[in-house]
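Visitor: Below: one structure in structure tokens.
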Amino acid sequence: VSVLKGPREEIVYVPCIYRNTGRKKPDFLATVDVNPKSPHYCQVIHRLPMPNLGDELHHSGWNACSSCFGDATKKRNRLILPSLISSRIYVVDVGTDPRAPKLFKVVNSEDVFWKCNLGYPHTSHCLGSGEIMISTLGDPAGGGKGGFILLDGETFEIKGNWEKGDKIPPMGYDFWYQPRHNVLISTEWGIPKCLGYGFDPNDLKKGRYGRRLNVWDWSAHTYVQAIDVGEDAAPLEIRFLHNPDAAEGYVGCTISSAVHRFYKTERGDWAAEKVIQVPSKKVEGWLLPDMPGFITDILISLDDRFLYFSNWLHGDIRQYDISDTRKPKLVGQVFVGGSVTKGGPVTVCRDEELQRQPEPFFIKGKRVQGGPQMIQLSLDGKRLYVTTSLYSAWDRQFYPDLLKDGSVMLQLDVDTEQGGLTVNGSFLVDFGKEPDGPCLAHEIRYPGGDCTSDIWV
């Protein structure tokens, strides 16, 4: 596929969070040098602080699609940064100087609240129309509501809601669309005011965490179908196969720690089947007696051959061969932290997968806190980048040392022939050494697009 012929990544953009760390500093966008030939390899070479405190920058997206690449006037020169907690949306100029981004525009939260009756924006995707679409978790009061904000792709003013009609899902989170099948599918994390301060097990079994994949008619903008993937499953990241003709993909469910394959049926509606289940571990010294893997991020390689995901609590990253999409085959696995390492507060009493608890993970002399979380794959599929923070309120609860030591970015080398993952021992970006104190680094984006931002129409 011609789309694989991109240049090797030399810099990446990473939102870094100070909310909940006890440091009264704004979140910032870090530019990190990932070029092994550079004297600044593995260093943060630029920081763009936001003008406010407490935003919780989370995921980012582009102002123009790869599907606009035939149009010479469209350039990926703006990065869209929605703030999960403050509901502001920042537009960053990464075109003028890609190594030193600058703030271009701030969309205020009251515009999000008043023009759309939405809040807690999450995922941003550009559309073939030149507009930008951002999913939300809730309404302005922190109740659950899975709607979408539309931004003008030139002025970045809010145009209103994407969705039409009376039916709206009870929660939102991520989304992906496939115009050739006239479909958009969105996911559900939970009710913002319940998960905002942390994870409370008492919220389970009360309908406060998501359980549905929500199917939309792409051209009519209407909500047409709900697919149930189980109570409190919390389906988060959703990925169609990259092939624009494909009518299938995968979604990772966090709390249930299952991966479901979703697909178009012969009837023309959509369905899902569980294709991977990470078994929970029986533990002592933890929040609950059963510890789920906690699948947080998933991605599919650009050639649609491999599926990757991270188990944030168990501490491993996995690679599956998906040549047969209905039967993913585990071909790579590596532990880089997690909650069940030897000598820690948690004792594993029963484990269906491991003979013994993994060793604590050290790289370049640093003990890595937290677990593998956001992942991003190089265009050629050979390098998998990983960060270790999930969301500041949950980091504080599950990995208090992460707030003290800061998160890290790692890189795994991928065997793209047979499958297999190994940690690159010479790559470490230590966000514990930031000038303003340790911070929580989150999602990874390459200039010009990557495996999780590109939708071909």
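Visitor: Projected onto the charge dipole of the stretch 3-441 (+1 at Lys/Arg Cβ, -1 at Asp/Glu Cβ, origin at the Cα centre), which of Gly128, Val107, Trp286 gives the Cα projection farthest towards the positive end?
Guide: Trp286
Visitor: Sticking with this one: Just to make sure I understand: if all protein chains stay in place, what is the order of Phe104, Phe156 by accessible area at 1.4 Å, largest first?
Guide: Output order, biggest surface exposure first: Phe104, Phe156.
Visitor: May I ask you to rank Leu29, Leu288 by accessible area, largest first, using a 1.4 Å probe over the protein chains only?
Guide: Heavy-atom accessible area, descending, gives Leu288, Leu29.
Visitor: Considering amide H positions built from the backbone, and no H for Pro or chain starts, which residues 5 or more places from Lys281, or on another chain, come under 5 Å of its amide H?
Guide: When sequence neighbours closer than 5 places are left aside, the close amide H contacts are Met291.
Visitor: Under the 0.36 nm per residue contour assumption, what length would be gained going from the current alpha-carbon distance of Lys282 and Asn117 to full extension?
Guide: Extra length from Lys282 to Asn117 when fully extended: 55.1 nm.
Visitor: Still on this structure, please answer the following. Give me a comma-separated list of calculated 3J(HN,Hα) values for the stretch 87-102, in order, Karplus coefficients 6.51, -1.76, 1.60 applied at θ = phi - 60°, integers in Hz, x for any Gly or Pro.
Guide: For the stretch 87-102, the Karplus-derived couplings read 6, 6, 10, 9, 10, 10, 7, 10, x, 4, 9, x, 8, 9, x, 10 Hz, x marking Gly and Pro.
Visitor: Cα-Cα over 18 Å: which of Lys205/Lys274; Lys115/Lys145; Lys105/Lys159; Lys404/Lys433; Lys206/Lys274?
Guide: Lys205/Lys274; Lys206/Lys274
Visitor: Dipole of the stretch 320-457 (Lys/Arg Cβ +1, Asp/Glu Cβ -1, origin at the Cα centre): which of Pro360, Leu428, Leu410 lies farthest to the positive side?
Guide: Sorting the options by dipole projection puts first Pro360.
Visitor: Mind putting a number on the dipole of the chain about its Cα centre? Charges go on the C-beta only, +1 for Lys and Arg and -1 for Asp and Glu, and I need it in Debye to the nearest 20.
Guide: 580
Visitor: Run lengths n ≥ 4 of DSSP H only: what is the helix-derived mean residue ellipticity at 222 nm for the chain, with -39500 (n - 2.57) per run over all residues, to the nearest 500?
Guide: -1500 deg cm²/dmol
Visitor: Mind checking which of Leu241, Ile322, Asn52 is farthest towards the positive end of the stretch 3-441's charge dipole, using Cβ charges of +1 (Lys, Arg) and -1 (Asp, Glu) about the Cα centre?
Guide: Working it through, the farthest residue towards the positive pole turns out to be Asn52.
Visitor: Using modelled backbone amide H atoms (1.01 Å from N, in-plane), which distant-in-sequence or interchain residues come within less than 5 Å of Leu137's amide H?
Guide: Gly119, His122
Visitor: Show me 299-307, 115-123 ranked by packing, highest mean number of other Cβ atoms within 10 Å first.
Guide: Descending packing order for the listed peptides: 115-123, 299-307.
Visitor: Also, quick follow-up: Report ³J(HN,Hα) in whole Hz for each residue of the stretch 143-154, in order, from the Karplus equation J = 6.51 cos²θ - 1.76 cosθ + 1.60 where θ = phi - 60°; Gly and Pro get x.
Guide: Running phi through 6.51 cos²θ - 1.76 cosθ + 1.60 with θ = phi - 60° gives x, x, 6, x, x, 9, 9, 10, 10, 5, x, 9 Hz.
Visitor: If you don't mind, there's one more thing I want to ask. Express the carbon and sulfur contribution to the solvent-accessible surface of the chain as a percent, rounded to the nearest whole number, probe 1.4 angstrom.
Guide: Carbon with sulfur: 48 percent of the solvent-accessible area.
Visitor: Let me ask something additional. Identify the residues of the stretch 201-229 with backbone N under 19 Å of a label point that sits 7 angstrom from the Cα of Arg267 along the Cα-to-Cβ direction, or state none.
Guide: The answer is 212-218, 223-229.
Visitor: Provide, for q = 0.13, 0.17, 0.19 Å⁻¹, the log10 of I(q)/I(0) from a solvent-free Debye sum over equal Cα point scatterers in the stretch 105-259.
Guide: -0.57, -0.97, -1.19
Visitor: Can you pull the semi-axes for the stretch 75-138, root of five times each eigenvalue of the Cα gyration tensor, sorted largest first, whole Å?
Guide: They are 22, 14, 9 Å, listed from largest to smallest.
Visitor: From the phi of every residue in the stretch 431-438, what ³J(HN,Hα) in whole Hz does the Karplus formula 6.51 cos²θ - 1.76 cosθ + 1.60 yield, where θ is phi - 60° and glycine or proline is x?
Guide: With the stated coefficients, the stretch 431-438 comes to 7, x, 9, 5, x, 8, x, x Hz.
Visitor: Let me ask something additional. Heads up, I need the accessible area for Val386: 1.4 angstrom probe, whole protein in place, Å², nearest 10.
Guide: Around 0 Å² of this residue is reachable by solvent.
Visitor: I want to check the label-to-label distance for Glu157 and Arg99. Put each point 7 Å from Cα in the C-beta direction and report it in nm to one decimal.
Guide: Between Glu157 and Arg99, the label points sit 3.7 nm apart.
Visitor: Using a 7 Å offset from the Cα along the Cα-to-Cβ direction at both His40 and Lys205, what is the distance between the two label points in nm, to one decimal?
Guide: Going by the 7 Å Cα→Cβ label model, 5.4 nm.
Visitor: Over the Cα atoms, compute the radius of gyration (one decimal) and Dmax (the largest Cα-Cα distance, rounded to a whole number) for the stretch 105-182, in Å.
Guide: Cα radius of gyration and Dmax of the stretch 105-182 are 12.0, 36 Å respectively.
Visitor: Next question, about the same structure. Counting only heavy atoms of protein chains, what accessible area per residue, in Å², does the chain have with a probe of 1.4 Å?
Guide: 37
Visitor: Taking the Cα centre of each part, how many Å lie between the stretch 73-134 and the stretch 306-377?
Guide: Cα centres, the stretch 73-134 to the stretch 306-377: 33 Å.
Visitor: Under a 5 Å amide H to amide H cut-off, with H placed in plane at 1.01 Å, what residues pair with Gly338 once short-range neighbours are removed?
Guide: Gly370, Gly371
Visitor: A further question on this structure: Cα atoms only, the stretch 3-441: Rg and Dmax in Å?
Guide: 20.4, 60
The values are calculated or read from the model by the stated rules, or taken from the named source; none is laboratory data. Being a predicted model, the structure only gives us computed values, none of them experimental. Note: ideal-geometry Cβ built from the backbone for every residue, glycine included; neighbour counts use all protein chains shown. For accessibility, only protein heavy atoms count, side chains too; no ligands or nucleic acids. Shrake-Rupley method; radii C 1.70, N 1.55, O 1.52, S 1.80 Å.
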